[in-house]
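To start, the structure itself, in structure tokens.
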């Protein structure tokens, strides 16, 4: 930063106080300086600006038009500096908890829960980091939500999500097709409804598909099955909620959408999840991290 482009800060402070009090003497009393020192610093600022800021009279001072405008701008700048500095101090004092999660888990399951946790403990800053897969090596976050990994010394992996996959559809799609949910069997899905396929490409994980679902339901099919294909659960879920078709989705990740009435589970087989999700946390976390960990585990079990 070029200091030649910034007015002398003591002079700015003296000017702001003098302009606010409309008195060099009262400004001097506030800043614990002499009136002569305030006058000297204001003259220094006027010299730097190249124009007068005050009109001097025998019975006091008055701001010039330029001085009045400049005083407002300086006051705004000081208030902004005070506000920013206060925020920085409060930010340092606030506990921060970082939570890493796979993209679909972060979108469908984690985000609604951290919003609720923020209402309960607004003094804790929770940072959600959505990434496609866990990184190797150290944890890189206070909490990590992924598939089970090799043991990391000093950390524990808690079982978090392990629900089955079930066929879901948007109420609007069933209404459009004139098919009540409880009467929409797998054979009806095959004949009358579009399919949304999930082809998960996340490392070390695969998702059950409609081929297996129809087989368990005893419904013969011809391959390949038509329909849109998505590589992430939350993309398939979003398309499903918009009425684009029927999707096989994990029930724990879609529970909130079902509760809101955006999705309806359909009759048919439930397929086991290939791999469960675990929550990894240090064995001895601080109070804030421990509270978030326990709340997330409780939210998963409840």
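FYI, it's all coordinate maths here, none of it is from the lab. Note that the structure is predicted; figures quoted are calculated from it, not measured. Methodologically, a virtual Cβ is constructed for each residue, glycine included, from the backbone with ideal geometry; neighbour enumeration extends over all protein chains shown.
As a rough footprinting exposure proxy, the listed residues 168, 234, 192 were ranked by other beta carbons within 10 Å of their own, and the order from fewest upward is 192, 234, 168. For segment 55-199, a/c is not less than 1.5, where a ≥ b ≥ c are the root eigenvalues of the C-alpha gyration tensor, and a/b does not top b/c. That puts it in the oblate class. Divide the volume of the convex hull around the Cα atoms of segment 208-302 by the residue count and you get 135 Å³ per residue.
Taking the C-alpha atoms only, the angle from helix 35-49 to the longest principal axis of the chain is near 70 degrees. Remark: 47, 197 ranked as 47, 197, counting other beta-carbon atoms within 10 Å and listing the fewest first. Considering only C-alpha atoms, what is the centroid distance from segment 79-127 to segment 234-284, in Å? Computed from Cα coordinates, the inter-centre distance equals 26 Å. Placing one equal scatterer on every Cα of the chain and applying the Debye formula, the log10 ratio I(q)/I(0) at q = 0.10 Å⁻¹ is -0.69. Seen against the Cα atoms of the chain and their longest principal axis, helix 287-301 is set at about 30 degrees.
Counting only alpha carbon atoms, the long axis of helix 111-120 and the longest principal axis of the chain meet at about 50°.
In what sequence do 241, 88 fall when counting other Cβ within 10 Å, fewest first? Mind dumping the intermediate values first?
Details: 241 20, 88 10.
Ascending Cβ contact count within 10 Å gives the list 88, 241.
The Rg/Rh ratio for segment 3-92, using Cα coordinates for both the radius of gyration and the Kirkwood hydrodynamic radius, is 1.01.
Return the FRET efficiency for the residue pair residue 130, residue 187: r is the Cβ-Cβ distance, R0 is 35 Å, and the value is rounded to the nearest 0.05. E(calc), rounded to 0.05, equals 0.40.
Using only the alpha carbons of segment 160-270, what is the convex hull's orientation-averaged projected area in square nanometres? Intermediate values should be presented prior to the final figure.
Working: hull surface 27.1 nm².
For segment 160-270, the mean projected area of the Cα convex hull comes to 6.8 nm².
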